[in-house]
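Here is the structure we will look at.
The values are calculated or read from the model by the stated rules, or taken from the named source; none is laboratory data. Model, not experiment: these values are computed from the prediction. All Cβ positions, even for glycine, are placed from backbone atoms using ideal geometry, and neighbour counts span all protein chains on display. Ligands, DNA and RNA are excluded from the accessible area calculation, which covers all protein heavy atoms including side chains. Shrake-Rupley method; radii C 1.70, N 1.55, O 1.52, S 1.80 Å.
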Amino acid sequence: YSSDIITKDTPLVFYCNSPLEYRSAMASFFAVKWGYTNVSYFREGYFSWMAADFPLEYDLAFLNQYQ
């Protein structure tokens, strides 16, 4: 179950494909409203994230339940 792995203080970063998308901003807003305390919003988008050489974590809790 993903709620066993992702706790309210798990670091979360929300971003979309481009800075013109608004869904990641809404997701970060709702995550904070739902009690998550370590929430970040990266406005510049996925490709800027990769260009900045920020970490990419593919072993997510949601993927683990399907393995």
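Please report the carbon-and-sulfur percent of the accessible area for region 1-56; probe 1.4 Å, protein heavy atoms only, DNA, RNA and ligands left out. Mind showing how you got there, number by number?
Numbers: 2540 of 4230 Å².
Carbon plus sulfur share of accessible area: 60 percent.
Here the spin labels are modelled as points 7 Å beyond Cα on the Cα-Cβ line, and at Trp34 and Glu21 they lie 1.7 nm apart.
Contact order, relative form, for region 8-47: 57 percent (alpha carbon pairs under 8 Å, 6 or more residues apart, mean separation divided by residue count).
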